[in-house]
Every structure is written in structure tokens, then in C-alpha cells.
Amino acid sequence: MLAAAALASCQTNTGVEIEVANTTDVARNAETIELCWKKLSTLQTELTAENVVVKDAAGEEIPSQVIYRGTEEPKALIFQASVEGGETALFTIEPGVRSEYEQQAFGRQVPERYDDYAWENNLCAYRLYGPALETSPEKLITPGIDVWVKCTEKLVIDEWYAKGDYHHNYGDGMDCYKVGRTLGGGASVPMVDGKFWPMEHNYATYKRLDNGPIRTSVELNYVAWDVNGTPVSLVKTITLDANQRFNRMENIYEGEFEELPIAAGFVRHDVKGTEQGEGWIAMVEAVSDSKQPEVDGEIYQAIVLPGAELNADLLGHTLAVKAVKSGEKMTYYSASGWSQGGVENMQEWVETIKEQVAMIESPLQVTIK
């Protein structure tokens, strides 16, 4: 998701020239380039968050976003690059008049629906459940992530919540995924003595860190709960970029423990197939919350967690399990796709996963030309 940024001290009279190199044989599509704002502003002192413009080799402006990470000061600049295998692409960062870019990533708390936190990009959408749901008629406490499928590139969260009927497909997708008290589609929990130890409450607080047009990210805090006799708390940061199916999940578990096994994965419903490779596991199943599953198609899911132990069917889930130390950041990637929304078959889904693995292992190399 993030490209390596090795900036040298060189600049033009008007801007900073950036070379993006793909050192692999795999084409990279809409990969996010992230550059340190402090370094950029040192090389081009006229840059501000309000005037920074990114141009491609043809001199055309492309969308960019200043990243704040929940602070008041700029931390980074991001834009997206597509580079063929073994090729390079050139960009210029300079002061100018920024255009209005199409919003392709968005997230917000939904107080009108029991404090859900929902987020999406132009390919996929999700939600987590909030504190108000605990005292609602549903009284649901769950770590699970709900998967919303869509077959449109427009953002749908606000429209679907306003309509209040998002379990029905009106032509652009729907919520047809059953979560309950499970991991849903891509959550994590401690797993000790052969069982899950889920949170005893939904997320307690949230902080939206950035919100489009390219990246949306949120930090969610869970109060400490009992894990086999030890109180454990969790800070979860979720990041989703435009044009990418994979969420970056950063989980920090803290407590009086040396190591704690953490299971990340997705609940199994009517599973039609699984695949796995080094550090990743995937599944396809019929939609799980539908009156017409034969019409509504299949949902594809995947977890990428390097160094994890993989299990296709354990405790009713497909899992990647890895032990972490207290306070250590565990980063994994979770994704979903829909047979009616751009994913044709498992072979295509595996190719998408391999592209993500390549992005993690060999990010695009960024230097000053």
C-alpha cells in the first residue's frame, strides 16, 4: 500500500522531480506513493498543504492528498502511480492551484445507526459496530467487520444509510453478509487455549485520521477485557486507499503478557473454495445474508499476514494466526470482492492477492531524479 520514499537533496526551480521505479516484473496499478512532507517542504520551501500540486510526465495534474494522521500539521503527501514491470515513471511536485479531486475514499461514524463506523473506497465498503449498539434492541457486541458489496465506483455509505434499506440491491450493491458474534470479514482477536477471546464491548472511541480523496483512515480504541485471566486492550488503525481492495490493519494489543497469539480472518458460511500461499489465505463463499444467494453471487475474501500460521477451517473461520508482544504493532491486510462487482473467479482473486504481496515485499522505489 505504501511505497518506499528515499528522497535525495535535489530540486528544480519550480518543483521537486520524483522518479518512481518498479523493480519487479509485475505491473503495479494505482499504487500509493507516500512522501515525507517535512522533506518535501525543505526541498521546495513554497509548498503548502493548500497549494501542493502533483503532475505526471506529460505535465498533467493528478489527484493527491496531504496526510495529517489525526494531527494539525501535514505529515506526508500521497498520490497514486501505475508503472509497468521494470519501468519507471516521472512526476513533479510543485506549488500551484489544486483542482477539486473526486472523492474516492471516505469514512465516518454513523450515530444515526447506533454508532457504526463505516468506510469505503471506489471498490468496496465496510462497517464496524459501535457502543450504542450494545444497548439497542439488537444488543450486539462483536469484533466482526461487516462487508458491503457494490458494483459501482461511486461512494454509497451516506446514500445507503439515508435510504435505510441497504439489505436490498437497487442496482449498485447491498449488505448481504452475516456477521453476528464472529470476526466477520477481516477482524482480529486473541486466540488462547484453542479458543477466541473477543472484546467484551464494541469500540469505545474513534479518531478519524484522514478522509480522502485518496485515503481514509481511522483509529479505534477498545477498552481492556479479560483474555484468559489477563486484561488486554486494543488500538486498531484501519487504512483504505482508493483503487485498492486491501485494508491495511494495524493492531496494537497491550497487557501483562510476553506473547499473545492473535487470529485474523473471516467467518465461514457457505464456502465454495479456499486457496493459500506464503503469508496469505483466501476464500470464496455464497453471500450469507440473502434470500436469493443463487442470484446475489459470491463474496471473495483474503488475509495477508507475513509469517502467520494459516488454517482454512478452524473455529468456524479461515484464519491467519501470529503471536505478538505487548505494545507491538501487528500489521496485516484484509480484502473483499464480489462476483458482481469486478471479481470474476478465484484465479483472478489470487492474482489480486499476489499483487498485494508484491506491493508489501517490493514497494515502488521513489527517488529524486
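The values are calculated or read from the model by the stated rules, or taken from the named source; none is laboratory data. Only a predicted model underlies this, so the values are computations on that prediction, with no experimental measurement involved. So basically every Cβ, Gly included, is an ideal-geometry build from the backbone, and we count neighbours across all protein chains shown. When the accessible area is computed, the model is the full protein with side chains, heavy atoms only, and any ligands, DNA or RNA have been set aside. Shrake-Rupley method; radii C 1.70, N 1.55, O 1.52, S 1.80 Å.
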Selection from segment 37-94 of residues loosely packed, with under 13 Cβ neighbours inside 10 Å and within 27 Å of Lys207 (Cα to Cα) yields Lys38, Thr48, Glu50, Asn51, Thr71, Glu72, Glu73
Taking first residues from segment 118-133 that are in contact (Cβ under 8 Å) with a residue 60 or more places away in the chain and second residues anywhere that are part of a helix (DSSP H, G or I), the pairs with Cβ under 7 Å that are 6 or more apart or on different chains are Glu120/Ile157
For segment 55-102 the number of residues that are assigned to a loop (DSSP other than H, G, I, E, B) and over 24 Å from Leu364 (Cα atoms) is 10
When segment 159-174 is checked residue by residue, the ones that are farther than 20 Å from Pro293 by Cβ and assigned to a loop (DSSP other than H, G, I, E, B) are Gly164
By residue number, the members of segment 202-238 that are under 20 Å from Val110 (Cβ atoms) and among the hydrophobic types (A, V, I, L, M, F, W, C) are Ala204, Leu209, Val218, Leu220, Ile238
A careful count of residues in segment 232-264 that are among the charged types (D, E, K, R), assigned to a strand (DSSP E or B) and surrounded by fewer than 23 Cβ atoms within 10 Å (Cβ to Cβ) gives 4
For Asp115, the lone unmet condition from (1) at pLDDT 95 or above; (2) more than 19 Å from the chain's Cα centre (by Cα); (3) open to solvent by 50 Å² or more (accessible area, probe 1.4 Å) is (3)
**Prompt:** Does Lys291 qualify as being at pLDDT below 95 and either of a type outside the set (Gly, Ala, Ser) or out of contact with any helix residue (DSSP H, G or I) (no Cβ under 8 Å at 6 or more places or on another chain) (or both)?
**Reply:** yes
Quick count over segment 143-158, residues being over 22 Å from Ser288 (Cα atoms) and assigned to a loop (DSSP other than H, G, I, E, B), is 3
Out of (1) open to solvent by 40 Å² or more (accessible area, probe 1.4 Å); (2) without any contact (Cβ under 8 Å) to a residue 24 or more places away in the chain; (3) under 24 Å from Asp175 (Cβ atoms), the one Glu309 does not meet is (3)
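Matching residues to (1) within 15 Å of Cys124 (Cα to Cα); (2) open to solvent by 30 Å² or more (accessible area, probe 1.4 Å); (3) of a type outside the set (D, E, K, R):
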{"position": "Leu183", "(1), (2), (3)": "no, no, yes"}
{"position": "Val192", "(1), (2), (3)": "no, no, yes"}
{"position": "His201", "(1), (2), (3)": "no, yes, yes"}
{"position": "Gly212", "(1), (2), (3)": "yes, no, yes"}
{"position": "Ser217", "(1), (2), (3)": "yes, no, yes"}
{"position": "Thr230", "(1), (2), (3)": "no, yes, yes"}
Among (1) crowded, with 20+ Cβ neighbours inside 10 Å; (2) modelled with pLDDT under 95, Glu285 falls short only on (2)
Selection from segment 95-112 of residues more than 27 Å from Tyr206 (Cα to Cα) and open to solvent by 40 Å² or more (accessible area, probe 1.4 Å) yields Val97, Arg98, Ser99, Glu100
Of the residues in segment 103-142 that are charged (D, E, K, R) and not in a loop (DSSP other than H, G, I, E, B), the one that is nearest to Thr152 (Cα to Cα) is Glu120
Q.
So, Thr48, is that one part of a loop (DSSP other than H, G, I, E, B) and without any contact (Cβ under 8 Å) to a residue 24 or more places away in the chain or not?
A. no
